[in-house]
1. Of 132, 90, which residue is touching a residue at least 40 places away in the same chain (Cβ under 8 Å) and part of a loop (DSSP other than H, G, I, E, B)?
2. Looking at (1) under 14 Å from residue 105 (Cβ atoms); (2) among the charged types (D, E, K, R); (3) assigned to a helix (DSSP H, G or I), which is the one condition that is false for residue 16?
3. For the list (1) touching a Gly at 6+ places or on another chain (Cβ under 9 Å); (2) open to solvent by 90 Å² or more (accessible area, probe 1.4 Å), I need the number of the one condition that residue 21 fails.
4. Using the structure shown, decide if residue 125 is open to solvent by 40 Å² or more (accessible area, probe 1.4 Å) and either in contact with a strand residue (DSSP E or B) (Cβ under 9 Å, 6 or more places away or on another chain) or free of Cβ contacts under 8 Å to residues at least 60 places away in the same chain (or both).
5. Among the candidates 86, 12, which residue alone is open to solvent by less than 60 Å² (accessible area, probe 1.4 Å) and either at pLDDT 95 or above or farther than 23 Å from residue 113 by Cα (or both)?
6. Restrict the check to the stretch 66-81 and report whether at least one residue is in a helix (DSSP H, G or I) and in contact with a Gly (Cβ under 6 Å, 6 or more places away or on another chain).
7. Looking at (1) in contact (Cβ under 8 Å) with a residue 24 or more places away in the chain; (2) assigned to a helix (DSSP H, G or I), which one does residue 112 not meet, given that it meets all the others?
8. Among the residues of the stretch 40-58, is there at least one that is surrounded by 14 or more Cβ atoms within 10 Å (Cβ to Cβ), more than 15 Å from the chain's Cα centre (by Cα), more than 17 Å from residue 123 (Cβ to Cβ) and of a type outside the set (Ser, Thr, Tyr)?
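The values are calculated or read from the model by the stated rules, or taken from the named source; none is laboratory data. Worth saying up front: this structure is predicted, and the values here are computed from it rather than measured. Using ideal geometry, Cβ is built from the backbone for each residue, glycine included, and neighbour counts are taken over all protein chains shown. To get the accessible areas, we keep the full protein, side chains included, count just its heavy atoms, and leave off ligands, DNA and RNA. Shrake-Rupley method; radii C 1.70, N 1.55, O 1.52, S 1.80 Å.
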Amino acid sequence: MTRAAVKRRLALLWWRQLVLTLAPLFVINLLFGAGRQAGVLAMPLFIAGLASLFVSLPLFSAYKRALFATAKALNTADEPAAWLTLAERRRPALLGAGLPAWIAALAVFAGLEAVPQILLALVSIVVLYLYRIPRQL
(Lines give C-alpha, C1' and ligand atoms only; values in the text may rest on other atoms or scores of the structure.)
Protein backbone atom coordinates (compact mmCIF):
# COMPACT_ATOMS: atom_id res chain seq x y z
CA MET A 1 0.00 0.00 0.00
CA THR A 2 1.39 3.39 -0.94
CA ARG A 3 1.84 6.27 1.46
CA ALA A 4 -0.97 8.23 -0.22
CA ALA A 5 -3.34 5.28 0.11
CA VAL A 6 -2.50 4.88 3.80
CA LYS A 7 -3.04 8.58 4.44
CA ARG A 8 -6.34 8.50 2.55
CA ARG A 9 -7.51 5.48 4.55
CA LEU A 10 -6.57 7.12 7.83
CA ALA A 11 -8.40 10.28 6.78
CA LEU A 12 -11.54 8.29 5.96
CA LEU A 13 -11.32 6.52 9.30
CA TRP A 14 -11.07 9.91 11.01
CA TRP A 15 -14.23 11.15 9.29
CA ARG A 16 -16.01 7.92 10.18
CA GLN A 17 -15.03 8.32 13.82
CA LEU A 18 -16.27 11.93 13.78
CA VAL A 19 -19.69 10.77 12.56
CA LEU A 20 -19.78 7.91 15.07
CA THR A 21 -18.88 10.32 17.84
CA LEU A 22 -21.52 12.95 17.10
CA ALA A 23 -24.36 10.78 15.75
CA PRO A 24 -25.52 9.39 19.12
CA LEU A 25 -25.81 12.90 20.55
CA PHE A 26 -27.88 14.15 17.64
CA VAL A 27 -30.09 11.07 17.42
CA ILE A 28 -30.77 10.81 21.15
CA ASN A 29 -31.40 14.54 21.39
CA LEU A 30 -33.78 14.41 18.44
CA LEU A 31 -35.72 11.43 19.77
CA PHE A 32 -35.71 12.05 23.52
CA GLY A 33 -34.56 15.62 24.12
CA ALA A 34 -37.84 17.48 23.76
CA GLY A 35 -39.60 18.44 26.96
CA ARG A 36 -36.95 17.15 29.35
CA GLN A 37 -36.61 18.92 32.67
CA ALA A 38 -33.16 19.47 34.09
CA GLY A 39 -32.49 16.68 36.55
CA VAL A 40 -30.18 16.25 39.49
CA LEU A 41 -27.64 14.33 37.37
CA ALA A 42 -27.31 16.96 34.62
CA MET A 43 -24.47 18.92 36.22
CA PRO A 44 -22.51 15.86 37.44
CA LEU A 45 -22.72 14.36 33.95
CA PHE A 46 -21.47 17.61 32.41
CA ILE A 47 -18.55 17.62 34.85
CA ALA A 48 -17.89 13.96 34.04
CA GLY A 49 -17.86 14.86 30.35
CA LEU A 50 -15.25 17.53 30.96
CA ALA A 51 -13.25 15.24 33.24
CA SER A 52 -13.21 12.60 30.51
CA LEU A 53 -10.75 14.83 28.68
CA PHE A 54 -8.08 13.54 31.05
CA VAL A 55 -8.49 10.11 29.45
CA SER A 56 -7.04 11.62 26.28
CA LEU A 57 -3.77 12.75 27.84
CA PRO A 58 -1.88 9.42 27.92
CA LEU A 59 -3.52 8.36 24.66
CA PHE A 60 -2.33 11.54 22.94
CA SER A 61 1.19 11.05 24.25
CA ALA A 62 1.33 7.56 22.76
CA TYR A 63 -0.10 8.84 19.48
CA LYS A 64 2.41 11.69 19.36
CA ARG A 65 5.33 9.31 19.91
CA ALA A 66 4.03 7.04 17.13
CA LEU A 67 3.60 10.06 14.86
CA PHE A 68 7.22 11.13 15.40
CA ALA A 69 8.41 7.56 14.84
CA THR A 70 6.45 7.44 11.59
CA ALA A 71 8.00 10.71 10.45
CA LYS A 72 11.48 9.30 11.16
CA ALA A 73 10.68 6.05 9.35
CA LEU A 74 9.57 7.68 6.09
CA ASN A 75 11.42 6.37 3.02
CA THR A 76 12.98 3.52 5.00
CA ALA A 77 12.23 -0.17 5.26
CA ASP A 78 10.43 0.44 8.57
CA GLU A 79 7.80 2.72 7.04
CA PRO A 80 4.96 0.13 6.70
CA ALA A 81 5.41 -0.99 10.30
CA ALA A 82 5.46 2.62 11.46
CA TRP A 83 2.16 3.34 9.70
CA LEU A 84 0.61 0.27 11.32
CA THR A 85 1.84 1.34 14.74
CA LEU A 86 0.48 4.84 14.18
CA ALA A 87 -2.95 3.47 13.25
CA GLU A 88 -2.82 1.14 16.25
CA ARG A 89 -2.07 4.01 18.65
CA ARG A 90 -4.63 6.27 17.03
CA ARG A 91 -7.60 3.89 17.35
CA PRO A 92 -8.01 4.03 21.16
CA ALA A 93 -7.12 7.71 21.13
CA LEU A 94 -10.04 8.44 18.82
CA LEU A 95 -12.35 6.54 21.15
CA GLY A 96 -11.06 8.53 24.11
CA ALA A 97 -11.62 11.76 22.21
CA GLY A 98 -15.27 10.82 21.68
CA LEU A 99 -16.04 10.36 25.37
CA PRO A 100 -17.28 13.92 26.06
CA ALA A 101 -19.84 13.75 23.23
CA TRP A 102 -21.00 10.29 24.30
CA ILE A 103 -21.40 11.43 27.88
CA ALA A 104 -23.40 14.40 26.57
CA ALA A 105 -25.63 11.93 24.72
CA LEU A 106 -26.25 10.04 27.95
CA ALA A 107 -26.85 13.31 29.78
CA VAL A 108 -29.81 14.05 27.48
CA PHE A 109 -31.78 11.58 29.58
CA ALA A 110 -30.82 13.56 32.70
CA GLY A 111 -32.11 16.77 31.12
CA LEU A 112 -28.80 18.40 30.21
CA GLU A 113 -29.45 21.69 28.44
CA ALA A 114 -28.46 22.38 24.84
CA VAL A 115 -25.53 24.69 25.55
CA PRO A 116 -23.59 22.17 27.68
CA GLN A 117 -24.35 19.49 25.08
CA ILE A 118 -22.90 21.69 22.35
CA LEU A 119 -19.85 22.46 24.49
CA LEU A 120 -19.15 18.78 25.07
CA ALA A 121 -19.63 18.03 21.37
CA LEU A 122 -17.23 20.86 20.45
CA VAL A 123 -14.68 19.56 22.93
CA SER A 124 -14.83 16.16 21.26
CA ILE A 125 -14.45 17.72 17.83
CA VAL A 126 -11.41 19.73 18.91
CA VAL A 127 -9.73 16.72 20.50
CA LEU A 128 -10.57 14.59 17.46
CA TYR A 129 -8.96 17.25 15.27
CA LEU A 130 -5.68 16.64 17.07
CA TYR A 131 -5.65 13.12 15.65
CA ARG A 132 -5.73 14.09 12.00
CA ILE A 133 -2.66 13.08 10.03
CA PRO A 134 -0.53 16.18 9.38
CA ARG A 135 0.10 17.19 5.78
CA GLN A 136 3.85 17.21 6.35
CA LEU A 137 3.79 13.47 6.93
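1. Working: 90 fails: part of a loop (DSSP other than H, G, I, E, B).
One residue alone meets the criteria, 132.
2. (1)
3. The number of the failed condition is (2).
4. Details: open to solvent by 40 Å² or more (accessible area, probe 1.4 Å): yes; either in contact with a strand residue (DSSP E or B) (Cβ under 9 Å, 6 or more places away or on another chain) or free of Cβ contacts under 8 Å to residues at least 60 places away in the same chain (or both): no.
So residue 125 fails the test.
5. Numbers: 12 fails: open to solvent by less than 60 Å² (accessible area, probe 1.4 Å).
Step by step, each of 86, 12 is checked, and only 86 is open to solvent by less than 60 Å² (accessible area, probe 1.4 Å) and either at pLDDT 95 or above or farther than 23 Å from residue 113 by Cα (or both).
6. Step one: list which residues in the stretch 66-81 are in a helix (DSSP H, G or I), which gives 66-73, 79-81.
With in contact with a Gly (Cβ under 6 Å, 6 or more places away or on another chain) added as a condition, the list becomes none.
No, because not a single residue in the stretch 66-81 is in a helix (DSSP H, G or I) and in contact with a Gly (Cβ under 6 Å, 6 or more places away or on another chain).
7. (2) is the only condition that residue 112 fails.
8. Checking the stretch 40-58: at least one residue is surrounded by 14 or more Cβ atoms within 10 Å (Cβ to Cβ), more than 15 Å from the chain's Cα centre (by Cα), more than 17 Å from residue 123 (Cβ to Cβ) and of a type outside the set (Ser, Thr, Tyr).
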